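The values are calculated or read from the model by the stated rules, or taken from the named source; none is laboratory data. If you're wondering where the values come from, they're calculated on a predicted model, not measured in any experiment. Quick reminder, even Gly has a Cβ in these numbers, built from the backbone with ideal geometry, and neighbours come from all protein chains shown. Ligands, DNA and RNA are stripped out before the accessible areas are found, and what is left, the full protein with its side chains, is counted by its heavy atoms. Shrake-Rupley method; radii C 1.70, N 1.55, O 1.52, S 1.80 Å.
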Amino acid sequence: MTSSTRTTVVETELDLFSTEALLDPVPHYQTLRDLGPVVHMTEHDLYGLFRYDQVRAALTDWEGFSSAQGIAMNPTANELSDGSLLSMDPPRHRAVRKVMDDALRPKYVRQVAGNIEQLADELVDDLMRRKDFDGVTDFGAKLPVDIVMDLIGFPRDEQRDKILVWALGAFNYFGPPGDRQLSTFPDVQALMQYLVADATPDKLLPDSFGQIVWEAADRGEISENEALMTMSAYACAGLDTTIAGVASTLWLLAQNPDQWAAVRADPKLVPGAFLEGVRLETPIQHFSRVTTENRDVDGVTIPKGARVLVSYAAANRDERHYPEPDSFQADRNPADTVGFGFDVHNCPGRTLASMEANALFGALAKRATTLELTGDPIREPNNITRGLETLPIRIS
Ligand code: HEM
C-alpha cells in the first residue's frame, strides 16, 4: 500500500472498560469491528484490533507487536509482571515457556485424566441428586479447585480458597488506570505475598507443576523471579479462566435446549461445544501489546510505541470469520478460536482446561436430560475476564 492510499486511524470515545460495557460488551465489539481494521480509543489512549484476521496476525507478529513491555493496560501492572512468561518475547520466552510446557505436557496431564473423569462422574451424580445447584461454584469451580490447585502444588490449607478471589483481582488490576483497577491492588499484594511466603518450594506438593518450575530455577534455566512469576501466571491464568469457560458453556447450553439435545444425542460434540462456549464468552477478553515500530494494518498505520489492545473476544464474534457469530452451535467446533490466544503465547493450559470441561460435560450429557435456568445469573464486571458469579440451575 502506498502512502497516498493510507487511511487515517478512526478515533472513538467508546470506553470498553465502563461498567456498562463490561457487563454487555458484544454490541460494542460490533461497533468497533465496523469502525475499521484499527481503532484508536481516546479514553485510555489505546489502539485496538477487533477483527479476527487482524487479531491473529498481530498475535503471530511478536516482533512488531511485542509483549516485552507487559500485556496489561497500565504501567504499574506491567512493571509488577516483569519476568512473567506473558511479558516476554522470544528468545527468552522460549526458555521459560519450555519449563511450563514440560509441566503441562499432554502426556503428564493425561496421567491424571482418569481421576478427572471419575471426579466429574461423582460430582454430577451428586448434582443429579440435588437437582438445584449453582453452576459456578458447584459445577464450574469444583475440578479447578480440587484438581488444578493440586497439580500446581498449592499447599492444602485455608489460604487456597482465597486464590480465586486474588486472581480475579489481579485480572482487574491489568485494566487501564481507574478505580476498578486501583481498588484491586490489595489482591495483587496478597497473591504475591502468598507466593513468596506460603507457596514456597518446600511447601509445594510433591511432583507438582510448581516443583518442576522451581527445579528449573535451581538448575539455572530460569531465574528465581521468573519462577515466582510463572507460579503467579498459573494461579491467575489457570483457575478463574477454566471456571468462567465451563460456567459460561453451561449457561449457553441451558439457553439452547436444542443444542443440549444434540450434545446428548452425540457426546462426541462435547469438546466442540466447550470450544464454542469459549469462543462466544471468551474468558480472557483481551490483553495488549506494544508496537516496536510503525506497523501497517490493512492500510492504517499504528505508530511505534503504541499500546494496542488485542481483543480475543471481539475477534471470536467476527462475522467475517464465523457465520452467524452470535449463535451457539454445538457442532461448529471452532478449533481456530483465539479464545486461548494464538501462536507464540498460545495457552499452554488449553489441554488441561479442555480435559476438565470435557469430563464435566461428558458426565452431564450421560445423566441430565434437561438444563433449566431457575434465575438470572449474576455477573461481576472485570477489566479482563468474563465469567459468572452465580448461575442458578436445575437439572433432571
Ligand atoms: C478456559 C480456560 C483458559 C482460557 C480461556 C485461557 C486463555 C488464555 C489466553 C487467551 C492466553 C494468551 C495470552 C497472550 O496472548 O498473551 C493464555 C496464555 C496462558 N495461559 Fe491460559 N487459558 C485457560 C486455561 C489455562 C490453564 C488451565 C492454565 C494453567 C494451568 C493456563 C496458563 C496459561 C499461561 C501460563 C499462559 C501464558 C503463556 C505464554 O505467555 O506463553 N491457562 N491463556
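Filter region 353-396 down to residues that are assigned to a strand (DSSP E or B) and of a type in the set (Asp, Glu), then give me how many there are.
Qualifying residue count for the region: 1.
Anything in region 12-62 that is part of a helix (DSSP H, G or I), open to solvent by 20 Å² or more (accessible area, probe 1.4 Å) and free of Cβ contacts under 8 Å to residues at least 24 places away in the same chain? List them, or say none.
Within region 12-62, Glu20, Pro27, His28, Thr31, Asp34 meet the criteria.
Output yes when any residue across region 311-324 is crowded, with 18+ Cβ neighbours inside 10 Å, in contact with a Pro (Cβ under 9 Å, 6 or more places away or on another chain) and either of a type in the set (A, V, I, L, M, F, W, C) or on the phi > 0 side of the Ramachandran plot (or both), and no when none is.
Within region 311-324, one or more residues are crowded, with 18+ Cβ neighbours inside 10 Å, in contact with a Pro (Cβ under 9 Å, 6 or more places away or on another chain) and either of a type in the set (A, V, I, L, M, F, W, C) or on the phi > 0 side of the Ramachandran plot (or both).
Looking only at region 163-213, which residues are touching a residue at least 24 places away in the same chain (Cβ under 8 Å) and farther than 29 Å from Arg105 by Cβ?
Asn172, Tyr173, Gly175, Pro176, Pro177, Gly178, Arg180, Gln181, Val188, Ala190
Return yes when Gly140 is of a type outside the set (Ser, Thr, Tyr), under 20 Å from the mean Cα position of the chain (by Cα) and modelled with pLDDT of 90 or more and no when it is not.
yes
For region 89-104, name all the residues that are within 12 Å of the ligand (Cβ to nearest atom) and open to solvent by 90 Å² or more (accessible area, probe 1.4 Å).
Arg92, Arg94, Lys98
Do any helices (runs of 4 or more DSSP H) entirely within region 106-211 hold 1 or more residues that are farther than 29 Å from Gln285 by Cβ and either touching a Gly at 6+ places or on another chain (Cβ under 6 Å) or open to solvent by 10 Å² or more (accessible area, probe 1.4 Å) (or both), and if so, which?
106-111, 113-130, 185-197
Looking only at residues in region 71-88 that are near the ligand (Cβ under 10 Å from one of its atoms) and in a loop (DSSP other than H, G, I, E, B), which one is nearest to Gly341 (Cα to Cα)?
Ile71
Kindly provide the set of residues from region 338-352 that are in a helix (DSSP H, G or I) and farther than 13 Å from Trp62 by Cα, ordered by number.
Within region 338-352, Arg350, Thr351, Leu352 qualify.
Please pick out the residue among Thr291, Thr230 that is in contact with a strand residue (DSSP E or B) (Cβ under 6 Å, 6 or more places away or on another chain), open to solvent by less than 10 Å² (accessible area, probe 1.4 Å), touching a residue at least 40 places away in the same chain (Cβ under 8 Å) and hydroxyl-bearing (Ser, Thr, Tyr).
Thr291
Collect the residues in region 125-164 that are of a type outside the set (A, V, I, L, M, F, W, C) and within 16 Å of the ligand (Cβ to nearest atom), keeping them in residue-number order.
Gly135, Gly140, Lys142, Pro144, Asp146, Asp150, Gly153, Arg160
Hey, does region 344-367 have a residue that's crowded, with 16+ Cβ neighbours inside 10 Å, more than 25 Å from Val145 (Cα to Cα), under 22 Å from the mean Cα position of the chain (by Cα) and within 14 Å of the ligand (Cβ to nearest atom)?
Checking region 344-367: at least one residue is crowded, with 16+ Cβ neighbours inside 10 Å, more than 25 Å from Val145 (Cα to Cα), under 22 Å from the mean Cα position of the chain (by Cα) and within 14 Å of the ligand (Cβ to nearest atom).
Kindly state which strands (runs of 3 or more DSSP E) lie completely within region 232-307 and contain at least 3 residues that are closer than 26 Å to Ala103 by Cα, modelled with pLDDT under 95 and within 14 Å of the ligand (Cβ to nearest atom).
Correct list: empty, since no element meets the threshold.
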